[in-house]
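Peer 1: Dropping the structure in here first, questions after.
The values are calculated or read from the model by the stated rules, or taken from the named source; none is laboratory data. Please read all numbers here as calculations on a predicted model, not as lab measurements. Ideal geometry is used to build each Cβ from the backbone, glycine not excepted, and the neighbour counts take in all protein chains shown.
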Amino acid sequence: MFNDTFDKITWALLAFVIVALAALLAMNHGAGDGKAAGLGKAVEREMAYRARIELIGKLYGPVEDLRKAGKNQEALLKLDELIRSYPGEAHGYILQGEILREMGALDEAVASFEAGVKLNGDYVDARSPLSRRGAIQGLVDEGLRSIGGRAAANPGNRSLAASLAKVNYLKSRLAGGCE
Amino acid sequence: MIRSTFRRFLLLFLPLLLLAGCKGEGSRPVVKIGYMLCNNEQETMSRFLPLTRYLSDKCGVDFVAVPVDTHDFEKRFKAGEFTFTHSNSLIYVILHENEGVQLLASEKRGKFGARSAGALIARKGSGIEKLADIRGKRLAFGPMLAPTGYLAEYDLMLSAGINPEHDLGTYSIPPGSYKHEKLIYGVLYGQYDVAAAPILDLETMTREGKIAADDFVILAQSKPVPYCTFGVAKGADPALVKKVKEALLALKPADTAEVDGERIKVLKAAWIDGYEELLDSDYDSIREMAKRVNMPPYQKY
């Protein structure tokens with residue numbers, strides 16, 4: 001088998017080719033797995049997002065119905081139950097902020113939007129199906145005028161300063177600032 | 001000789017030094033806070049004693065809680081029975097206009113923070129769907145000096161062209177304590193057709209599972225107006241006033257005070273979320289309503 005130098009070289013080359021092939025196979029196998037895993041995760045994310053939107057539609061549907069019927073207070077009471085059941089879900093705070101604003105409670109609306117955006121940045125993202133960018137921009141404009149004006153007239157007032165800080169937080173998120 | 005004189009000197013002044021060094025119970029100034037009764041004296045005291053102790057701890061004076069009936073509040077304040085006031089927003093406005101009481105801090109509770117609203121409610125399915133339907137019906141108000149249990153709803157009716165004195169079948173105020181709860185239950189179980197319900201009570205009762213969010217139709221609702229308020233007599237020590245204000249605004253849910261040997265969470269005991277610094281002009285909405293409804297401090301006979 002290893003009678004002469006030629007045999008030895010042939011076997012050595014064969015062994016090298018086998019090792020190289022095995023290494024190549026192993027590398028390709030790893031890369032394929034990564035791609036598949038990446039693809040799988042993206043699909044998973046997409047599915048989770050769609051599921052969330054569907055769940056939001058179902059959960060908060062009754063609240064939206066009450067709002068459409070002009071029953072804002074009943075909607076708020078309903079929403080209170082949902083916020084307690086799903087404290088980590090941002091959508092309740094965003095809806096609550098919209099209702100409070102309609103009811104003339106600007107400072108509380110700002111606080112609710114701030115809580116919602118802190119929980120989930122989708123609401124300031126123009127491309128998100130959940131985007132409330134326009135509403136938040138309107139709230140910021142009104143907040144700067146109203147709360148900003150009151151804060152400027154009462155520089156020592158800590159409650160107004162805290163409300164204005166929340167308006168500015170929303171403003172910074174609209175401008176692309178991160179959490 | 002020197003040692004002997006020193007010993008005598010020490011013996012003479014030691015008791016005085018010891019006395020001066022002691023800061024015994026009752027050696028601090030005593031300041032009284034008048035708390036408007038919510039439902040009854042026992043409930044009001046158990047709610048606000050921890051807050052009173054907290055303020056004593058923070059401000060270095062011995063605060064004493066004085067329970068005060070709503071209708072006696074101005075009279076007793078005028079008699080000098082207490083320096084700090086804790087009352088509803090209408091009583092604050094009365095004390096501000098008549099006695100010069102200054103705004104200190106406003107209580108936060110519920111969805112509207114330091115504000116709440118008054119609503120006229122009917123039972124769902126009763127056939128009363130809009131405000132005009134309440135003509136000729138039986139209505140229950142909350143206590144007469146309640147901003148969101150009487151004043152706001154009376155004003156809502158007047159604004160809609162309904163005169164409660166002539167256009168309702170009857171109106172009454174439930175007897176005894178827990179008036180707000182009684183009238184909400186009264187509508188739910190058919191004792192009254194319509195009730196003047198504070199939104200805060202609807203929120204609380206829904207949260208506690210006593211009623212459901214969709215048991216009622218809200219026929220009309222006022223704009224949110226300031227709710228419970230701390231005030232202070234105009235001649236009070238400014239340094240103490242500042243300390244009290246700081247202490248109230250700094251209150252956090254984890255803050256505790258000792259009552260009868262027990263550590264109690266101050267905000268939780270008082271059923272409040274915290275304190276806010278409103279402006280006196282925020283109470284103008286109360287003033288405007290009181291003028292329209294012909295109530296104190298603007299009442300004309």
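Peer 1: With assigned by the TED database to the domain that holds B:Asp133 and under 30 Å from B:Leu278 (Cβ atoms) as the only criterion, which of B:Pro198, B:Pro238, B:Pro175 stands out?
Peer 2: Selected residue: B:Pro198, the only one of B:Pro198, B:Pro238, B:Pro175 that is assigned by the TED database to the domain that holds B:Asp133 and under 30 Å from B:Leu278 (Cβ atoms).
Peer 1: If the requirement is being in a helix (DSSP H, G or I), free of Cβ contacts under 8 Å to residues at least 24 places away in the same chain, within 13 Å of chain B (Cβ to nearest Cβ) and not aliphatic (A, V, I, L, M), which of these qualifies: A:Gly149, A:Gly97?
Peer 2: Answer to the check: A:Gly149.
Peer 1: When you go through B:Arg115, B:Arg138 one by one, which is the residue that is free of Cβ contacts under 8 Å to residues at least 60 places away in the same chain and surrounded by 15 or more Cβ atoms within 10 Å (Cβ to Cβ)?
Peer 2: The unique qualifying residue is B:Arg138.
Peer 1: Can you spot a residue in region A:74-81 that is part of a helix (DSSP H, G or I), small (Gly, Ala, Ser), within 12 Å of another protein chain (Cβ to nearest Cβ) and touching a residue at least 24 places away in the same chain (Cβ under 8 Å)?
Peer 2: Yes, some residue in region A:74-81 is part of a helix (DSSP H, G or I), small (Gly, Ala, Ser), within 12 Å of another protein chain (Cβ to nearest Cβ) and touching a residue at least 24 places away in the same chain (Cβ under 8 Å).
Peer 1: Then there's this: If you take the residues in region A:75-102 that are closer than 14 Å to B:Phe112 by Cα and of a type in the set (Asp, Glu), which one is surrounded by the fewest Cβ atoms within 10 Å (Cβ to Cβ)?
Peer 2: This residue is A:Glu102.
Peer 1: Could you tell me which of the residues B:Ser106, B:Ser87 is within 23 Å of B:Ser281 (Cα to Cα), touching an Asp or Glu at 6+ places or on another chain (Cβ under 6 Å) and not assigned by the TED database to the domain that holds B:Gly190?
Peer 2: B:Ser106
Peer 1: I need the helices (runs of 4 or more DSSP H) fully contained in region B:187-301, keeping only those with at least 3 residues that are touching a strand residue (DSSP E or B) at 6+ places or on another chain (Cβ under 6 Å).
Peer 2: Of the helices (runs of 4 or more DSSP H) lying wholly inside region B:187-301, those with at least 3 residues that are touching a strand residue (DSSP E or B) at 6+ places or on another chain (Cβ under 6 Å) span B:238-250.
Peer 1: Would you mind finding the one in A:Ala48, A:Ala69 that is without any contact (Cβ under 8 Å) to a residue 12 or more places away in the chain and within 14 Å of chain B (Cβ to nearest Cβ)?
Peer 2: A:Ala69
Peer 1: Out of the residues in region A:152-168 meeting the condition of being assigned to a helix (DSSP H, G or I) and within 11 Å of another protein chain (Cβ to nearest Cβ), tell me which one is farthest from B:Ala105 (Cα to Cα).
Peer 2: Selected residue: A:Ala153.
Peer 1: What number of residues within region B:182-237 satisfy the criterion of being within 12 Å of chain A (Cβ to nearest Cβ), of a type in the set (Phe, Trp, Tyr) and either more than 22 Å from B:Met157 (Cβ to Cβ) or surrounded by fewer than 18 Cβ atoms within 10 Å (Cβ to Cβ) (or both)?
Peer 2: 0
Peer 1: Go through (1) closer than 30 Å to B:Asp215 by Cβ; (2) within 14 Å of chain B (Cβ to nearest Cβ) one by one and return the number of the condition A:His91 breaks.
Peer 2: That leaves (2) as the condition not met.
Peer 1: Taking the criterion of being buried (at least 24 other Cβ atoms within 10 Å of the Cβ) and modelled with pLDDT under 95, would at least one residue in region B:80-103 satisfy it?
Peer 2: no
Peer 1: Let me ask something else. Here are some residues: B:Ile272, B:Ile211. Which one is under 23 Å from A:Arg84 (Cβ atoms), among the β-branched types (Val, Ile, Thr) and under 19 Å from the mean Cα position of the chain (by Cα)?
Peer 2: On inspection, the qualifying residue turns out to be B:Ile272.
Peer 1: If you take the residues in region B:64-101 that are among the aromatic types (Phe, Trp, Tyr) and in a helix (DSSP H, G or I), which one is nearest to B:Tyr227 (Cα to Cα)?
Peer 2: Only one residue fits best here, namely B:Tyr92.
Peer 1: Quick one: which of B:Pro174, B:Pro147, B:Pro164 is crowded, with 16+ Cβ neighbours inside 10 Å, under 27 Å from B:Phe73 (Cα atoms) and more than 24 Å from the chain's Cα centre (by Cα)?
Peer 2: B:Pro164
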